[in-house]
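The values are calculated or read from the model by the stated rules, or taken from the named source; none is laboratory data. Because the structure is a prediction, the values reported are computed rather than measured. Cβ: placed from backbone, ideal geometry, glycine included. Neighbour counts: every protein chain shown. Keep in mind that these areas ignore ligands, DNA and RNA; they rest on the heavy atoms of the full protein, side chains included. Shrake-Rupley method; radii C 1.70, N 1.55, O 1.52, S 1.80 Å.
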Amino acid sequence: TAETAVRRALFLYENDALEGRSVVVLGDDDLTSLAIAVVAEALSLGAVDITVVEVDERLVGYIAASAERLTSKVRAVHHDLRQPLSEDLAGTADVFFTDPPYTQEGLELFCSRGVEALRPEVGMQGYVCFGPRTPKGSAAAIGALAEMGLAPVEVIPEFNRYDGAQMLAGVSVMIRTLAAPPLRPIVQGAYDGPLYTGDTKRRR
């Protein structure tokens, strides 16, 4: 929802993840990048450098066109996260934000790219939205983040609300993490495995 996108931007602001920061958004069909830029402008923050990595070319075009009316720098890059990040993006970000497919494979891939994007320093931040899980699934998700060098410091249930996401009861959690180098992506190189729930069922 639009309200959720704004809440996300304010949450980053509250945790010192906006002003003067370089933020990479991995996948952005919720237009969180634009909400970040609008909130930064409304709060009269200094420049926020936002890069969106998105596979849908239509969204890339829309975000780029919309960002022209905003003061914050928003760069939209067409890229399939099944492939590693380009050299000009790797190791450059202070913060990554992602709302990945709600499978273990999806989380591991998108967060691996997030880890690739972060500067390899203590205290860099990662924000991950993830669907409600069983205790076993939640443990696997948190374990994967820790394995990559991302320390979960806050988990907020039902932070994100969605229109039409009935399988998730229309909500997901927000996980805030801090980098604790060395950072170790679980997925390295190209990925050709399953990502979505339907993919994993077909492969069983």
Considering the chain as a Gaussian network with a 10 Å cut-off on Cα pairs, which listed residue, PRO135, PRO185, PRO120, attains the greatest mean-square fluctuation? PRO135
Charge tally for neighbours of ALA93 with beta carbon under 10 Å away, counting Lys, Arg as +1 and Asp, Glu as -1, is -1
Relative contact order [Cα under 8 Å, 6+ residues apart], the stretch 9-167, whole percent: 20 percent
More than 16 Å apart: what percent of Cα pairs in the stretch 1-120 qualify? 57 percent
Springs between alpha-carbon pairs under 10 angstrom, Gaussian network model over the chain: which of ALA140, ALA151, ALA40 fluctuates most? ALA140
I'd like the carbon and sulfur percentage of the solvent accessible area for the stretch 1-126, probe radius 1.4 Å, heavy atoms only, ligands and nucleic acids excluded. 50 percent
From the phi angles alone, apply the Karplus equation (6.51, -1.76, 1.60; θ = phi - 60°) to the stretch 106-117 and give each ³J(HN,Hα) in whole Hz, x where the residue is Gly or Pro. x, 4, 5, 5, 5, 6, 4, 5, x, 4, 4, 6
Sites matching trypsin sites (Lys or Arg not before Pro) across the stretch 17-71 that sit in DSSP coil, with at most 11 neighbouring C-beta atoms within 10 Å: ARG69
Pull up all non-local amide H partners of GLY149: gap of 5 or more, or a different chain, and H-to-H distance under 5 Å with H placed in the peptide plane. ARG184
For the stretch 21-36, just list the computed ³J(HN,Hα) in residue order, Karplus coefficients 6.51, -1.76 and 1.60, θ = phi - 60°, integers in Hz, with x standing in for Gly and Pro. 9, 9, 10, 10, 9, 9, x, 8, 6, 8, 6, 4, 4, 5, 4, 4
Sorted by chain and then number, the residues having a modelled amide H within less than 5 Å of the amide H of VAL52, at least 5 places away or on another chain, are VAL25, ARG75, ALA76, VAL77
Rounded, prolate or oblate for the stretch 95-204? Axes are the square roots of the Cα gyration tensor eigenvalues, ordered a ≥ b ≥ c, and the cut-off for rounded is a/c under 1.5. oblate
